[in-house]
Amino acid sequence: MESQYVVEEGRNGMRSEKEGQVMVANKKTVRGSDVVLRFLAFALTLVAAIVLGVDKQSKVVSVSIVPSLPPINAFLTAKWHYLSAFVYFVAVNSIACAYAAISLLLVLANRGHGKKGLISLIIIILDLIMVALLFSAGGAALAVGLIGYQGNSHVQWNKVCNAFDKFCQQVAAAIVVSLFGSAVYLLLVLLAALNLHKKHN
Amino acid sequence: MASAADKESEKIIPVPTSTSPPPETKGLAAAPPATSAGYFPVVNVVLRFLLFASGLVSVVVMVTSKQTEITQIPFPPFRAPVSAKFSHSPAFIYFVAALSVAGFYGLISTLVSIYALLKPSCSTKILSHFVIFDVLLLGIVASATGAAGGVAYIGLKGNTHTAWRKVCNVYGDFCRHIGGSVAVSLFGSIVLVLLVILSIHSISKKIPK
């Protein structure tokens, strides 16, 4: 029985050593892709926040207030903060951008000593919360932008994109960029989960 | 002897790792995680059932939100019954589709995790695959909640800049249904976040240090 234990122990030791090597190799590649993905997320959310944050268009629009009267020409301005969904979008993208920068620094600082545990768990959880926030912001901005693009005849919400075309194009670009950013965050969470699972086996 | 060993292995059923250590060290190695990870599969099943319930409730509340009111329509100018339905807005249609998918997934994953609870040998494999779907579903449910919430907020407050009138002063019941539905789906997305955290935490606990 005892000899069995010794043999078992020896085998375990060998196996854990090999696993250790595999784990180190894994960690290096995963850490590299982690850093790249975080930088990508930082850049994408920054671009999305800036593109929507500077969105503004002023134009002379002919407005018909009463259908029987001829339309009046008015100088109108469309700004991003007129719609609360866009405000939410810019706020969430700024938060995600700041968090990406901070987590990038944390990951780079933790690179030398492979200290896993609490910090990596917190980073995964915050990544997950960023996924939820970014997707909800993208959904909200997309839904409101769709009303602006198509209007809604049932509740008589008129479309505004026929008048403010450049404004709407900028909104669309920001939403697409932000969706790519949220996909990058989703990849980060998936990679972390798969990496943990690989380590476990 | 064999039957006793069988009984022992039956006793530590909630431990998902019971297959990974060799049989000699099972009694020694599996005992400490048994207390810490014992609650995990049960909480997993409960959360998945909550996901199913929240998906079902929010879809039902959203679909039954039809309301007909006599309102002033601008052209031709007289009063007529006009109904408000969820299918009038593409955001709400997307919401219903996404939450149906989430509820269906919740039902299936509840059944599968109950099966894994009874047969712990396949538990870790199932767990790792569920994490992927959980994260994807989180994205879908969160975007649906955001879309429906954004449109409902405009319906509640209106927007003076774009001359979008509020509709909730007329269709109060409709708006209450939509608000309740969005709140339940928000709860569903929080449940999904908890599910992913729980899976990741339980995997990271099992990693040999």
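Tally Lys and Arg at +1 and Asp and Glu at -1 over the other residues with C-beta under 14 Å from the C-beta of B:Lys157: what net charge comes out? So the environment of B:Lys157 carries a net charge of +2. Other residues with beta-carbon under 14 Å from the beta-carbon of A:Trp80 carry, at +1 per Lys or Arg and -1 per Asp or Glu, a net charge of +2.
Taking amide hydrogens as placed 1.01 Å from N in the peptide plane, the amide H of B:Thr71 sits under 5 Å from those of B:Ala80, B:Val82, each at least 5 positions away in sequence or on another chain. Using the Cα gyration tensor of segment B:80-177, with a ≥ b ≥ c the square roots of its eigenvalues, what is the shape: rounded (a/c below 1.5), prolate (a/b larger than b/c) or oblate (neither)? Prolate, since a/c reaches 1.5 and a/b exceeds b/c. When Rg and Dmax are taken over the Cα atoms of segment B:134-193, they come to 13.3, 40 Å.
Estimated at the nearest 10 Å², the accessible area of B:Thr64 is 80 Å² with a 1.4 Å probe. Each Lys or Arg adds one and each Asp or Glu subtracts one; over the other residues with Cβ under 15 Å from the Cβ of A:Leu126, this totals -1. Can you bin segment A:147-201 into rounded, prolate or oblate? Criterion: square roots of the alpha carbon gyration tensor eigenvalues sorted a ≥ b ≥ c, rounded for a/c under 1.5, prolate for a/b above b/c, oblate for the rest. Oblate is the answer for segment A:147-201, as a/c is 1.5 or above yet b/c matches or exceeds a/b.
The values are calculated or read from the model by the stated rules, or taken from the named source; none is laboratory data. Please read all numbers here as calculations on a predicted model, not as lab measurements. Cβ coordinates were reconstructed from backbone atoms using ideal geometry, including for glycine residues, and neighbour counts include every protein chain displayed. What goes into the accessible areas is simple: the full protein's heavy atoms, side chains included, and nothing from ligands, DNA or RNA. Shrake-Rupley method; radii C 1.70, N 1.55, O 1.52, S 1.80 Å.
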